[in-house]
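Step one of this worksheet: look at the structure below.
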C-alpha cells in the first residue's frame, strides 16, 4: 500500500480560455473559436495523430491535454495494466449527443453515435498510448478534488495501478476546459498527491 | 457523370464524410485498399460509407456482407454505384 507521500503529481496540463499550459509554461494561445481553436492547437502542438480529426470535441480536448501531459512520460517503465485513467466533467457528452440527435433527423451518423458517452475520451487516450489499466468517468457539477484524490488513491492501493491520469475534461458551447494530472508512485519528483494540491492546481488559472 | 468524374467525386465525399482532414483526393489512388493497409479505415468508417451510399446515391446495401467487396477501393465503389444506377434505369 503506497504511503501518501510516495505518490506524486508529476505533470499537469491545462486547456482553458483558449490557452494551453504545461505546468507553469504557456505552450499555446489561440485566437480561433471552437473547432478552429482545437485544429490550430493540433498544428501548433505537433500532435500528429490523424484520428484526432475524426473525434468529437470532448475527445479532441482530452487527447490534446493528454498529449501535453505525457510529453515527458516514460510509459515504458510501467506495464499497460499499471496505468489508469480517471476523468470527470459536468456536461457528459452533451455536444456529441446533440450532434447525433441532429444527424438522426436525416441519416443517423455512426461516427457521431460512437462519441455519445463521456468515457469514450478515456478509450481514445488509452488507444493512443496503449494503456490498459482501470478507468472511470464521473459526472459532477464541478471538479471534486477530494473525490478524485479518494478514488485514485484507492485504485493505487487496491489495484495494480502505479500511474494514473486524472482530472477534468469538459466541453459545452464550444468552450473547452481540460485540466489533467499525471500521478505516479515510482517518481520522487513532483508535488505531493493530495486533494488540496489537486484543488490548487485546478483553480490556478 | 462518367466513371472518372464519379471516382473523383467519391474521393471528395469520402474525405468529407470520414473527416480525413489530413488527406487530399490525390492522396487516394483509385485501386488502393480503403481499409487497414490502405487508407486505414475502420469498422465505424465502413458504416459511414454505407450511409454515404444511401445519402448521396440513394443506394441501400441489401446485404452487409457485400460491403467487403464494394468498399475494397474507390474503383470498386464507383463500379457498384454505376451498376446500381444502370439497374434502376432499366
**Request:** Please work out the C-alpha center-to-center distance from the range B:1-18 to the range A:124-146 and express it in whole Å.
**Result:** 39 Å
**Request:** May I ask for the angle, rounded to the nearest 10°, between helix A:34-44 and the longest principal axis of chain A, with both axes built from Cα atoms and the value confined to 0 to 90°?
**Result:** 60 degrees
**Request:** Mind giving me the FRET efficiency for residue A:79 and residue A:48? R0 is 25 Å, r the Cβ-Cβ distance, nearest 0.05 is fine.
**Result:** 0.45
**Prompt:** Is it possible to state the helix-based mean residue ellipticity at 222 nm for chain B, with each DSSP H run of 4+ residues giving -39500 (n - 2.57), the sum divided by total residues, to the nearest 500 deg cm²/dmol? What is it?
**Reply:** -17500 deg cm²/dmol
**Ranked list, fewest to most other Cβ atoms within 10 Å of each Cβ, for A:43, A:82** = A:43, A:82
**residue B:88 versus residue A:139: modelled label distance in nm, points set 7 Å from Cα along the beta carbon direction** = 3.9 nm
**Item:** Angle between chain B longest axis and helix B:74-89 axis [Cα atoms, degrees, rounded to 10]
**Value:** 20 degrees
**Request:** Calculate the all-directions average of the projected area of the range A:101-171's alpha-carbon convex hull, and give it in nm².
**Result:** 6.1 nm²
**Simple label model, 7 Å out from Cα along Cβ direction - residue A:199 to residue A:106, nm** = 4.9 nm
**Prompt:** Roughly how tilted is helix A:120-129, in degrees to the nearest 10 and between 0 and 90, from the longest Cα axis of chain A?
**Reply:** 60 degrees
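Only the coordinates and a few stated rules stand behind these numbers; no lab work does. Just so it is clear, the model here is predicted, and its values are computed rather than measured. Glycine also receives a Cβ, built like all others from the backbone with ideal geometry; neighbour counts cover every protein chain displayed.
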